[in-house]
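Just below is one structure, and these are the notes that go with it.
Bear in mind that the values in this text are calculations on the coordinates, not laboratory data. On a predicted model such as this, the values are computed, not experimentally measured, just so you know. Here the Cβ positions follow ideal geometry from the backbone for every residue, glycine too, while neighbour counts run over all protein chains shown.
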């Protein structure tokens, strides 16, 4: 019998038994917050836990407005990854998540309003943003809220919401398409670790394999804390000797490189992120080859981007090294003129040489940032 034809509690007891109120993982007790609407798919029951006695940005969030039904595992994962993007920025920022990948993200440049920032994040891929989870790192105002209510959104999460935002989110008569939106107030975003050395074993990731075996790993954090940590790419081989990136980035590109890198930490690999003026122009994700990820991103920009920015003189972050110069060539032909990637290829020197020839400023990151979520 399908789940839809029986009561949820009956389904749970018949298929997996009830989830315990308190469980223990790695010697730490976790308290159940609630049973979820479902896991990744409707036939997968799930429950949601937080560490006992620990203040949690997500675990202690308040549901200010419920939808037609409760949260799913995917909703929670989208909330987590969206907050994992906006946590990096001191300026107002927005991330739009869909199926645990950002369809778009943006951070304030100049005097842009939160409304402007949301539009920039959404219009990177407005089609994919339909049914998304949206996160902000600052209080949401009524102007941004009314724009969010204009299209279907699963959930919006932020540290706070002003009175006018809450009124807009509750106006189901005016915004019928989005009357079931879920509004969530999270805890302190600054409590989420950002940089290597800031986490404890509580933040370690846990991956259950197909046979029940478990992999425990340190969380994916970065060593890139500021613009001062951005270093021009350098490598050597027997044929070329030492090759250094000699092209200087344009004004504003260093900030965009750091922005692209921070966003890429929450993109499923192979991933590339193209950014200009604090806005993602495209996100290439899930490809098995590096140049394929770049080709995907450029194709998405050409066919799905709805903003006002031209890809010319944009920047690109790659979560892994460039095995060959081809990915740099494809991106440069599209208009990208500054890039960041980790080193590690036996052809790093060849890649840097080609970037110099193409007029591309190339930076090497201090680590790889594959995300296999």
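Observations on the model:
- Inter-label distance, nm, simple model (7 Å from Cα along the C-beta direction), residue 50/residue 198: 2.0 nm
- Applying the Kirkwood pairwise sum to the alpha-carbon positions of region 103-250 produces a hydrodynamic radius of 19.1 angstrom.
- Going by neighbour counts of Cβ atoms within 10 Å, the residues 337, 246 line up, fewest first, as 246, 337.
- Protection proxy ranking of 232-245, 101-114, 199-212, 320-333 - average other beta-carbon atoms within 10 Å, highest first: 101-114, 320-333, 232-245, 199-212
- By DSSP, the beta bridges lying fully in the chain are antiparallel in about 70 percent of cases.
- Percentage relative contact order, region 296-363, counting C-alpha pairs under 8 Å, at least six apart: 34 percent
- As a length-normalised measure over Cα pairs under 8 Å and 6 or more apart, the relative contact order of the chain settles at 13 percent.
- C-alpha center-to-center spacing [region 35-52, region 148-167] in angstrom: 24 Å
- Ranked by how many other Cβ atoms sit within 10 Å of their own Cβ, fewest first, the residues 61, 339 fall in the order 61, 339.
- Compactness of region 152-229 as Cα Rg over 2.2 N^0.38 Å, two decimals: 1.66
- Relative contact order for region 227-364: 29 percent, from Cα pairs under 8 Å spaced at least 6 residues apart, divided by residue count.
- Computed from the alpha carbon positions, the gyration tensor of region 19-191 leads to an equivalent ellipsoid with semi-axes of 27, 18, 15 Å, biggest first.
- Computed helical MRE - 222 nm, the chain, DSSP H runs ≥ 4 contributing -39500 (n - 2.57), nearest 500: -7500 deg cm²/dmol
- Rough spin-label spacing in nm, given labels placed 7 Å along Cα→Cβ, for residue 250 and residue 211: 5.4 nm
- Among 275, 214, the order by Cβ neighbours within 10 angstrom, fewest to most, reads 214, 275.
- Each residue of the chain gets 153 Å³ once the volume of the Cα convex hull is shared out per residue.
- Remark: the residue 306-residue 21 segment gains 98.0 nm on full extension, using 0.36 nm per residue and subtracting the alpha carbon distance.
- Note on region 225-373: Cα-Cα pairs beyond 29 Å make up 7% of the total pair count.
- Kirkwood hydrodynamic radius (C-alpha pairs) into Stokes-Einstein, region 38-96, 10 °C and 1.306 mPa s, D in µm²/s: 120 µm²/s
- Residue 68 paired with residue 162, simple spin-label distance in nm, labels 7 Å along Cα-to-beta-carbon: 3.2 nm
- The simple Förster model, with R0 at 45 Å and r as the Cβ-Cβ distance, assigns residue 326 and residue 218 a FRET efficiency of 0.90.
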